[in-house]
1. What does the charge add up to near V41, with Lys and Arg as +1, Asp and Glu as -1, over the other residues with Cβ less than 13 Å from its Cβ?
2. In square angstrom, what is the accessible area per residue of the stretch 55-95 with a 1.4 angstrom probe?
3. For H109 and Q64, FRET efficiency with R0 = 30 Å and r from the beta-carbon atoms, rounded to 0.05?
4. Given a 1.4 Å probe and heavy atoms of the protein chains only, how would you sort H109, H57, largest accessible area at the top?
5. Once you sort the root eigenvalues of the Cα gyration tensor of the stretch 44-109 as a ≥ b ≥ c, which label holds: rounded (a/c under 1.5), prolate (a/b larger than b/c) or oblate (the other case)?
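The values are calculated or read from the model by the stated rules, or taken from the named source; none is laboratory data. Please read these numbers as outputs of a predicted model, since none were measured by experiment. Virtual Cβ from ideal backbone geometry, glycine too; neighbours counted across all protein chains shown. Note: areas computed on protein heavy atoms with side chains; ligands, DNA, RNA excluded. Shrake-Rupley method; radii C 1.70, N 1.55, O 1.52, S 1.80 Å.
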Amino acid sequence: MKFPLSTALLGALIVFVFSPAQAADSSSVVNQATVAPVYHVKGVINAISPNALTLSHDAVPELQWPPMTMPFALAKNLVLPAIKVSDPVDFDVSLIDGRYEIIALTVRH
């Protein structure tokens, strides 16, 4: 009687330890921990290039940035709305691969 019960317990333990669902859950915890914060900023477009926008932006207290003008790279999959120099915008930036990239942008009207 002990043999079948211990075999069943061992089988249950193996299924639990090597369960694909369990592996997916643990990897999602790692991925959630590595997501970069997103900062919401208001600014004005000063220059437009294929891979970056130069913006005069308000202070970003979370980053201890004063108001300034600086270029921001555009995130790889970002689809920009119709924009032009001098448009006031709201944009989200996040630290991606060691640089702050615009991950979302909308024109303020």
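1. -3
2. 58 Å²
3. With a Förster radius of 30 Å, E is 0.50.
4. H109, H57
5. Oblate shape, in that a/c is at least 1.5 and b/c is the bigger or equal ratio.
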